[in-house]
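A quick write-up on the structure given underneath.
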Amino acid sequence: MASEHPRKIKLDFSSSPTIARFFRSKGFVRGIMGPVGSGKSYACCAEIWRRAVEQKPSPRDGIKYSRFAIVRNTNPMLRTTTLKTWLELMPEHLWGPVKYAPPITHHVKLPPRDGASGIDLEVIFLALDDPKDVRKLLSLELTGAWVNECRELPKAVIDGLTHRVGRFPTRSDGSPTWHGVIMDTNPMDDDHWYYRLAEKERPTGKYAWEFFRQPGGVVEVPLEEVPDDMPEAQGLTMQAGRWWRTNEKAENLKNLVSGYYDQLLGGKNLDWIQCYGQGKYTFVQEGKPVWPEYNDEMMSAELAVDPTVTLQVGLDFGLTPAAIFGQKMANGRWHILHELVTFDMGLNRFADMLKSELNSRFPNMETMIWGDPAGMQRDQIFETTAFDHLKSLGMMARPTATNEFRTRREAMAIPMGRLIDGKPGFLVSKKCVRLRKCLAGGYHFKRVAMGSGQERFRDVPNKNEHSHVGDAAGYCLLGSEHRLMTKGPRNLAAQPARAKVLDFDVFG
């Protein structure tokens, strides 16, 4: 970027062909994904300014009016990263002060000058990390929106933005010359909504969604191509048991310090490098796993149903219901055979799917179904419990003795820590992709910044798209292992409210 006048911006993305194609695209929703340092966030800031400049003047006063929302998942990230990137392009001392009282707003006003139209650009910064936060958008009349690091946001937020853009300026001010939603992101896992829309179900038509993927910042060097003599001196870096070099096709290199990607690799694991360095769709563990005992290489296997062993089913209710199907074998080893994971689904539809799964995959098998005791609460509209509804469909489900988190966690951690006949006491079918990602760290405790090099984690796990299937697995094992996970009849007798939930003698 070069400036001939303090407030005249000249943008040059000639060395970033992916960003250039992103700019040329006419997609209603556009996403750009790439490694760290690739310039994608800065490009989105530039796109907002470009669209403000290209807006046609108002027939009323000749001013080019536009209004954009810039969205991030949390308020701290909005302030420390997104806003700072915006102010690199549009610093306050040149373009006017930012109003930091919520919502953070930067209102850029340039009067007409030398025959050029004036500009009135209003930028509103919002933190929208939950689908319920979509209500913050309901009163907004926007020209366009930028979603920064969109992998951190639920798709409901993107959907909400798509019907708020194109509403400003009004007809009296000339209507918007352009409107749409732009997104940038680092890579994510392949079960994310972004991956599904970018790689499998891309929306087409007049309001198409288009996706752009930048080259990786590093490439892996095959072992046979690594020179025997001083490979480091030839620009290669060893990390995570592999050799890497900076990708010559990486974008934005001229704006990065020399050796940027080499220094980035230090101390990182393979998943981190593949995600943030190579720009690949990759699951990256964040925080502290709820089940650090889990080892996917050792505990994932090809498993078959044993029709002679009782099928145990664990249920987690809510609007993201999930079910886990497992068997405790004669030698005490747990086999987790199947998963049913849904999103934005009520109990009626989920119960129908659960019954279909049982009939098609596990026909005529003895089955025990366990669920979250919270399902004993009556629905405020239909005045029935989740367990009553399942019973009406012919599925006899029981609540576990407790839904206390630590008890559920231990119900799974105990068999994970055993060896039975030389194999772990807990095995998961390779087909249970979502549960495996949950156990590998998708379900985790968030890190708490302590300073001075200290690292601590929250006491309560982070509720996310991985937590529901993990909770279902906990109920599956906890229900079957109730005698091991409770303190015995005397303690239960001392807690009549809990003892009434389930008669432990029913199942012998």
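The values are calculated or read from the model by the stated rules, or taken from the named source; none is laboratory data. Everything numeric in this text was worked out from a predicted model, so none of it was measured. Note that we place each Cβ from the backbone using ideal geometry, even for glycine, and neighbour counts take in every protein chain shown. Calculation scope for accessible area: heavy atoms of the full protein, side chains included, ligands and nucleic acids excluded. Shrake-Rupley method; radii C 1.70, N 1.55, O 1.52, S 1.80 Å.
Brief remarks follow.
- FRET efficiency, Thr177 to Leu393 (Cβ-Cβ, R0 60 Å, nearest 0.05): 0.65
- Helix 405-416 and the longest principal axis of the C-alpha atoms of the chain enclose an angle of approximately 70°.
- Residues Glu404 and Ser25, FRET efficiency given R0 of 60 Å [Cβ-Cβ distance, rounded to 0.05]: 0.75
- Radius ratio Rg over Rh of region 97-196, counting only Cα atoms, Kirkwood formula for Rh: 1.03
- Percent of beta bridges antiparallel (DSSP, the chain, rounded to nearest 5): 50 percent
- For Met188, the residues whose modelled amide H falls within less than 5 Å of its own, excluding neighbours fewer than 5 places apart on the same chain, are Thr282.
- Comparing Leu78, Val309, Val134 along the charge dipole axis of the chain, the residue lying farthest to the positive side is Val134, per the Cβ-charge model.
- Relative to the dominant Cα principal axis of the chain, helix 347-361 is inclined by about 60°.
- Charged-residue dipole, Cβ positions (Lys, Arg, Asp, Glu), region 163-224 about Cα centre, Debye nearest 20: 680 debye
- Sorting 220-228, 59-67, 34-42 by average packing, meaning the other beta carbons within 10 Å per residue, from highest down gives 34-42, 59-67, 220-228.
- Amide hydrogen proximity for Val428: with H placed 1.01 Å from N in the peptide plane, the residues at 5 or more positions away or on another chain lying under 5 Å are Ser300, Ala301, Ile336.
- Label-point separation in nm, Arg50 to Ala301, each point 7 Å along Cα→Cβ: 5.5 nm
- The slack between Lys463 and Met77, meaning 0.36 nm per residue of separation minus the straight C-alpha distance, is 137.1 nm.
- Tilt relative to the chain, helix 40-54 - C-alpha long axis, 0 to 90 degrees, to 10: 50 degrees
- Helix content alone sets the calculated 222 nm mean residue ellipticity of the chain: runs of n ≥ 4 DSSP H residues at -39500 (n - 2.57) each, divided across all residues, give -6500 deg cm²/dmol.
- Karplus-derived 3J(HN,Hα), 6.51/-1.76/1.60, for each residue of region 431-438, Hz, glycine and proline x: 6, 7, 5, 5, 5, 4, 5, 4
- Peptides 195-206, 470-481, 436-447 ordered by packing proxy, namely the average of other Cβ atoms within 10 Å per residue, highest first: 470-481, 436-447, 195-206.
- Using a cut-off of 19 Å between Cα atoms, the listed pairs Lys355/Lys430; Lys40/Lys268; Lys249/Lys280; Lys391/Lys463; Lys328/Lys355 include Lys355/Lys430; Lys40/Lys268; Lys391/Lys463; Lys328/Lys355 as exceeding that distance.
- Scalar couplings 3J(HN,Hα) for region 317-331, obtained by applying the Karplus form with A = 6.51, B = -1.76, C = 1.60 to θ = phi - 60°, are 8, x, 8, 10, x, 8, 9, 10, 10, x, 9, 9, 6, 4, 7 Hz; x denotes Gly and Pro.
- Calculated SAXS-style log₁₀ I(q)/I(0) at q = 0.27 Å⁻¹ - region 253-332, Debye, Cα scatterers: -1.30
- With a Förster radius of 60 Å applied to the C-beta separation of His163 and Leu419, the computed FRET efficiency comes to 0.60.
- Whole-Å semi-axes of the chain's equivalent ellipsoid (Cα gyration tensor): 49, 30, 20
- Mean-position separation - Cα centroids, region 406-448 and region 164-236, in angstrom: 33 Å
- Taking the Cα centre of region 313-364 as reference, the dipole from Cβ charges on Lys and Arg (+1) and Asp and Glu (-1) amounts to some 260 debye.
- Backbone amide hydrogens, once placed in the peptide plane, bring Thr384 within less than 5 Å of Asp379, excluding anything fewer than 5 places away on its chain.
- Each residue, Val36 and Lys430, gets one label point 7 Å from its Cα in the Cβ direction; the gap between the two is 3.3 nm.
- Cβ-based charge dipole, region 305-443, positive-most Cα from Asn403, Ala351, Gly442: Gly442
- Ranking Phe405, Phe426, Phe457 by solvent-accessible area of protein heavy atoms (1.4 Å probe, all protein chains present), from largest to smallest, gives Phe457, Phe405, Phe426.
- Chain lengthening between Tyr260 and Asn364 when straightened (0.36 nm per residue, less Cα-Cα): 31.4 nm
- Here the chain is assigned +1 on the Cβ of each Lys and Arg and -1 on the Cβ of each Asp and Glu. Its dipole about the Cα centre then comes out at about 1360 debye.
- Candidate lysines - alpha carbon under 16 Å from Lys99, same-chain residues fewer than 8 apart omitted: Lys84, Lys109
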